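The values are calculated or read from the model by the stated rules, or taken from the named source; none is laboratory data. Owing to the predicted nature of the structure, the values given are computational and were not obtained by experimental measurement. Cβ coordinates were reconstructed from backbone atoms using ideal geometry, including for glycine residues, and neighbour counts include every protein chain displayed. The accessibility values were calculated without ligands, DNA or RNA, using every heavy atom of the protein model including side chains. Shrake-Rupley method; radii C 1.70, N 1.55, O 1.52, S 1.80 Å.
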Amino acid sequence: MARPVAASVPNLRDLGGIGTASGHVIAPGRLWRSSHFGAVANDELEALRAIGFRSVIDLRGTDERMRVASRLLQFGIRESHLPIEPRAMGALRELREAGEPDQSALTAVMFEVYRRFVNEHAPVFASLLRLVADEATPLPLVIHCTAGKDRTGWAVALLLLALGVPREAVLDDFLASNGRWSMQGVSADWALLALVHADYLQCAFDDIDKRWGSMDAYLEGPLGLDRQARNRLCARLLVDR
């Protein structure tokens, strides 16, 4: 695992270098994904400034943003807030009240979270894709939520698939969120919830295939990303290998 740019932002990473089926790669430094920027250490602010972020898409819920303000905004970065409330936390509390939750119970919660991403939150992800494809959104751009693994993970999976990245590479990036946090002093159920699993993505893919027939149909239908928009997205983010 690569050394983080800032230890206080453990899931920050550049998507540059990921390859597509057409033989292109995402240009280094243009598209990033991350956990939140509310706990950035003072001595790491300059390292973040040096990246040169010009746009940020924050997927955190309203209360999350109010509790923990992003320190990136002091750099004058353009911010778009596309809120998705963190339902998994409430579901975990309910499971705890009923007894010690096991992996199967937590997996069921996360499957429902990802089905909501596909269906209930499709307008949010449609807006995100439009923003990234729009030349008025300056690059480099970073997408984040709180941990940068589920809401951000699904957003980035959609972006990568729209760019023509093979599913195996999409899964590799998705699973790269694991192991980036210290589990010291964390309860067993919270530790399980801090991980992502391939089955989460597969659950979402299966729902899309069942309802729309293919990922391409889902991108063009509910997400409104037609061929012209996908071409703009590719032109903005891809370069020759």
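Between the C-alpha center of the stretch 1-80 and that of the stretch 203-230 there is a gap of 27 Å.
Heavy atoms of the protein chains alone define the surface here; on that basis the stretch 190-241 has 52 Å² accessible area per residue at 1.4 Å probe size. Of the accessible area of the chain, computed with a 1.4 Å probe over protein heavy atoms only, carbon and sulfur atoms account for 51 percent. Accessible area of R71 (1.4 Å probe, protein heavy atoms only, ligands and nucleic acids ignored): about 70 Å².
With all protein chains kept in place, the per residue accessible area of the stretch 1-92 amounts to 47 square angstrom at a probe of 1.4 angstrom.
The string of couplings for the stretch 215-222 from the Karplus curve (6.51, -1.76, 1.60, θ = phi - 60°) is 5, 4, 5, 5, 4, 7, x, x Hz, one whole number per residue in order, with x for Gly and Pro. Ordering K210, K149 by accessible surface, largest first, gives K210, K149; the 1.4 Å probe counts only protein heavy atoms, with every chain in place.
As a test of the formula, what do you get for the chain when each DSSP H run with n ≥ 4 contributes -39,500 (n - 2.57) and the sum is divided by the residue count, at 222 nm and rounded to the nearest 500 deg cm²/dmol?
-13500 deg cm²/dmol
Computed from the C-alpha gyration tensor, the three semi-axes of the ellipsoid equivalent to the chain are 26, 24, 16 Å, from longest to shortest.
Converting phi to 3J(HN,Hα) with the Karplus coefficients 6.51, -1.76 and 1.60 and the offset θ = phi - 60°, the stretch 13-24 yields 7, 7, 8, x, x, 5, x, 9, 5, 7, x, 8 Hz in sequence order, with x at every glycine or proline.
A simple packing score, the average count of other Cβ atoms within 10 Å per residue, orders the peptides 218-225, 105-112 as 218-225, 105-112, with the highest score first. As a ratio to 2.2 N^0.38 Å, the alpha-carbon radius of gyration computed for the stretch 103-200 takes the value 1.16.
Taking amide hydrogens as placed 1.01 Å from N in the peptide plane, the amide H of V196 sits under 5 Å from those of N178, each at least 5 positions away in sequence or on another chain. Remark on I143: its backbone amide H falls under 5 Å from those of W32, R33, S34, I57, a criterion applied only to residues 5 or more positions apart or on other chains, H modelled at 1.01 Å from N. When all protein chains stay in place and ligands, DNA and RNA are ignored, the 1.4 Å accessible-area order of W154, W212, largest first, is W212, W154.
Extension gain, D226-F75: 0.36 nm per intervening residue step, less the Cα-Cα distance, totals 51.0 nm.
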